[in-house]
Amino acid sequence: MDIKELDQLDEGVFELKKQFLSLAKGIERPGMDKLLKWLDESGFYKAPASSRYHLSEEGGLVEHSLNVCNRALQVNESLGRPVDEESLTLAALFHDLGKHQYFGKDFYSKKPLLKSGKEPAQPYERNKDLISVPHEISSVHILSQFIELTEDETWAILQHNGMYSDLKYQLQGKETPIQMVLHFADMWASRVIEG
């Protein structure tokens, strides 16, 4: 991390980035270095997690990803580690990658300031210039351009929203341990920790 990066990220987001990189560097997959470089170059660490529901703020996506990862690892530990830790870390850190950017377009756009000069209560909106591909699909697509995912990891990311997803009818009766742990951790992070 060079000094220039400190100038571009506020101190809190910079600390989240350090935590994220500490976990991500434990994933030993060909292409991880290119993925992490792309995250830096594309502004991942500044992206919001949502337009209005949870962590709709600069750095929200990296904070949410860390919350999900930490919760998923705790749940996995409490269940006796039924899921490979590296796979779970990968799926948790990158489950919402498609909420950052797709085909070079930001997933969320910043709304303009109000006439009063203040920021709107909901400062982000879904980018209208981006085709509405579900973020679960774009997450897998983006990741697959950098690293090879296992079938279980792909399924967990595609189905991390469980029955709240547009893909819900494909999930019913086909839950897997990694998908269930990731789904629970994502729900707990977004509804309890960040809600």
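The values are calculated or read from the model by the stated rules, or taken from the named source; none is laboratory data. On a predicted model such as this, the values are computed, not experimentally measured, just so you know. Glycine gets a Cβ as well: all are built from the backbone with ideal geometry, and neighbour counts include every protein chain shown.
Restricting to region 76-113, count the residues that are in contact (Cβ under 8 Å) with a residue 40 or more places away in the chain, within 24 Å of residue 18 (Cβ to Cβ), not basic (Lys, Arg) and not in a loop (DSSP other than H, G, I, E, B).
Within region 76-113, residues that are in contact (Cβ under 8 Å) with a residue 40 or more places away in the chain, within 24 Å of residue 18 (Cβ to Cβ), not basic (Lys, Arg) and not in a loop (DSSP other than H, G, I, E, B) number 15.
For region 35-43, check the following and say yes or no: at least one residue is touching a strand residue (DSSP E or B) at 6+ places or on another chain (Cβ under 6 Å), modelled with pLDDT under 95 and either surrounded by fewer than 18 Cβ atoms within 10 Å (Cβ to Cβ) or among the aromatic types (Phe, Trp, Tyr) (or both).
The answer is yes, given that some residue of region 35-43 is touching a strand residue (DSSP E or B) at 6+ places or on another chain (Cβ under 6 Å), modelled with pLDDT under 95 and either surrounded by fewer than 18 Cβ atoms within 10 Å (Cβ to Cβ) or among the aromatic types (Phe, Trp, Tyr) (or both).
So, of the residues in region 140-184 that are of a type in the set (Ser, Thr, Tyr) and modelled with pLDDT of 95 or more, which turns out to be farthest from residue 100 (Cα to Cα)? Break it down into steps so the answer makes sense when it comes.
First, the residues of region 140-184 that are of a type in the set (Ser, Thr, Tyr): 144, 150, 154, 164-165, 169, 176.
After this cut, where a residue has to be modelled with pLDDT of 95 or more as well, the list is 144, 150, 154, 176.
On the way: 144: 15, 150: 22, 154: 18, 176: 26 Å.
Restricting to residues being of a type in the set (Ser, Thr, Tyr) and modelled with pLDDT of 95 or more, the top hit is 176.
In region 95-146, how many residues are among the hydroxyl-bearing types (Ser, Thr, Tyr) and under 27 Å from residue 34 (Cβ atoms)? So that I can check it myself, show each step before the final result.
Just the residues of region 95-146 that are among the hydroxyl-bearing types (Ser, Thr, Tyr), to begin with: 102, 108-109, 116, 124, 132, 138-139, 144.
Of the ones still in play, those that are also under 27 Å from residue 34 (Cβ atoms) are 102, 108-109, 138-139, 144.
Qualifying residue count for the region: 6.
Among the residues that make up region 97-104, is at least one of them out of contact with any Gly (no Cβ under 8 Å at 6 or more places or on another chain) and modelled with pLDDT of 95 or more?
Yes, because at least one residue in region 97-104 is out of contact with any Gly (no Cβ under 8 Å at 6 or more places or on another chain) and modelled with pLDDT of 95 or more.
Between 176, 154, which is under 17 Å from the mean Cα position of the chain (by Cα), surrounded by 12 or more Cβ atoms within 10 Å (Cβ to Cβ) and polar (S, T, N, Q)? Full working, then the answer.
Details: 176 fails: under 17 Å from the mean Cα position of the chain (by Cα).
Sole residue among the options that is under 17 Å from the mean Cα position of the chain (by Cα), surrounded by 12 or more Cβ atoms within 10 Å (Cβ to Cβ) and polar (S, T, N, Q): 154.
What are the residues in region 114-143 that are of a type in the set (S, T, N, Q) and part of a loop (DSSP other than H, G, I, E, B), if any? Don't jump to the end; show me each part of the working.
Start the filter on region 114-143 by keeping residues that are of a type in the set (S, T, N, Q), which leaves 116, 122, 127, 132, 138-139.
Listed by number, the residues that qualify are 116, 122, 127, 132.
Please determine whether any residue of region 64-73 is part of a loop (DSSP other than H, G, I, E, B) and not acidic (Asp, Glu).
Looking only at region 64-73, we keep the residues that are part of a loop (DSSP other than H, G, I, E, B), and these are none.
Looking through region 64-73, none of the residues is part of a loop (DSSP other than H, G, I, E, B) and not acidic (Asp, Glu).
If you take the residues of region 1-34 that are at pLDDT below 85, assigned to a helix (DSSP H, G or I) and hydrophobic (A, V, I, L, M, F, W, C), which of them is surrounded by the fewest Cβ atoms within 10 Å (Cβ to Cβ)? Reasoning before the result, please.
Taking region 1-34 first, the residues at pLDDT below 85 are 1-9.
Right, trim to assigned to a helix (DSSP H, G or I) and you get 3-8.
Applying the additional criterion that residues be hydrophobic (A, V, I, L, M, F, W, C) yields 3, 6.
On the way: 3: 6, 6: 11.
Ranking the candidates gives 3 first.
Identify all residues within region 45-56 that are modelled with pLDDT of 85 or more and either surrounded by fewer than 20 Cβ atoms within 10 Å (Cβ to Cβ) or hydroxyl-bearing (Ser, Thr, Tyr) (or both); write none if there are none.
45, 46
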